[in-house]
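Here is the structure we will look at, set down as structure tokens.
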Amino acid sequence: METILVIDDDHDLRTTLIEVLEDGGLTAQGAENADLALTLLEQETFHLVLLDMVMPGTDGMSAIPLIRKKAPKTRIIVMTAFSSIQNAVQALQRGADDYLVKPFKFDALMLSVRKNLQEARFQECDESVDMDGVFQGLANILRRQILILLHHQGKTRFMDLVRALEIKDHTKVNFHLKVLRETGFIDQDIRKLYSLTTNGRRAAECLSFISKNM
């Protein structure tokens, strides 16, 4: 589950934002200033940061590159009551990913949060998996079905795979299993059980994510 860090010196707003995010199925934690947030980023992994621009001590604009240095893959959405194109451009240039103007509707907040989390997951797929290799190795629909099946079931025997796939031609399944082994997506242990490799799990997760968001 994705974890969000809410950085805002306004206690009531910070608490409300955490409640809204948790009601949306996310995990959220608060920090009353940027310095505390930077300490938390050293101790925990956050997928996204909601950052107020105007705070005592280190302000939001100054905090952006510090957060980016501590957590380069964490998405940053800045929040400010001062709407200007110049502020937005400066925040993005410093490393922010999105920009919300206070007061904003909670629907707009959740839309921005979910969009940025989706973009982060897609970027992670692109960085962790050779997507060209994935699509080439899984160009055949049966190979994709095998991958997803193993992802859900874990280690599976050949005949159980055949029955689950409802394929009468055993040689066809055997051929595609061989292709998946050669491309490094599946493996077979001494008990003849097929399972996904690390690359296979990543490929299955990325393909599942892509299919849901196309």
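The values are calculated or read from the model by the stated rules, or taken from the named source; none is laboratory data. Since the model is a prediction, treat every value here as computed from it, not as a measurement. Glycine also receives a Cβ, built like all others from the backbone with ideal geometry; neighbour counts cover every protein chain displayed. In case anyone asks, the SASA skips ligands and DNA or RNA and just uses the protein heavy atoms, side chains included. Shrake-Rupley method; radii C 1.70, N 1.55, O 1.52, S 1.80 Å.
Assorted remarks:
- For Thr45, the test of being open to solvent by 60 Å² or more (accessible area, probe 1.4 Å), of a type in the set (S, T, N, Q) and outside any helix (DSSP H, G or I) is passed.
- Picking from residues in the range 121-142 that are over 30 Å from Thr3 (Cβ atoms) and at pLDDT 70 or above, the one that is most open to solvent (accessible area, probe 1.4 Å) is Ile141.
- The listed residue being among the charged types (D, E, K, R), surrounded by fewer than 21 Cβ atoms within 10 Å (Cβ to Cβ) and not in a helix (DSSP H, G or I), out of Lys69, Lys73: Lys73
- Selection status of Leu36, among the aliphatic types (A, V, I, L, M) and farther than 21 Å from Arg114 by Cβ: yes
- Count of residues meeting criterion [assigned to a helix (DSSP H, G or I) and either open to solvent by 40 Å² or more (accessible area, probe 1.4 Å) or out of contact with any Ser or Thr (no Cβ under 7 Å at 6 or more places or on another chain) (or both)] in the range 1-40: 19
For (1) in contact with a strand residue (DSSP E or B) (Cβ under 8 Å, 6 or more places away or on another chain); (2) closer than 23 Å to Arg114 by Cα; (3) at pLDDT 90 or above; (4) hydroxyl-bearing (Ser, Thr, Tyr), each residue gets a yes or a no:
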| site | (1), (2), (3), (4) |
| --- | --- |
| Val54 | yes, no, no, no |
| Ala63 | yes, yes, yes, no |
| Ala71 | yes, yes, yes, no |
| Thr74 | yes, yes, yes, yes |
| Met79 | yes, yes, yes, no |
| Ala91 | yes, yes, no, no |
| Gly95 | yes, yes, yes, no |
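- Among residues of the range 88-113, those that are open to solvent by 30 Å² or more (accessible area, probe 1.4 Å), without any contact (Cβ under 8 Å) to a residue 40 or more places away in the chain and assigned to a helix (DSSP H, G or I), counted: 8
- Criterion violated by Ala164 - all others in (1) at pLDDT 90 or above; (2) farther than 15 Å from Leu149 by Cα; (3) open to solvent by less than 100 Å² (accessible area, probe 1.4 Å) satisfied: (2)
- Candidate set from the range 143-159 (those that are among the aliphatic types (A, V, I, L, M) and touching a residue at least 60 places away in the same chain (Cβ under 8 Å)); member that is surrounded by the most Cβ atoms within 10 Å (Cβ to Cβ): Leu147
- Residues that are among the acidic types (Asp, Glu) and closer than 23 Å to Thr3 by Cβ within the range 38-97 comprise Glu42, Glu44, Asp52, Asp97, listed in sequence order.
- Filter result (surrounded by 13 or more Cβ atoms within 10 Å (Cβ to Cβ) and in a helix (DSSP H, G or I)) within the range 76-87: Asn87
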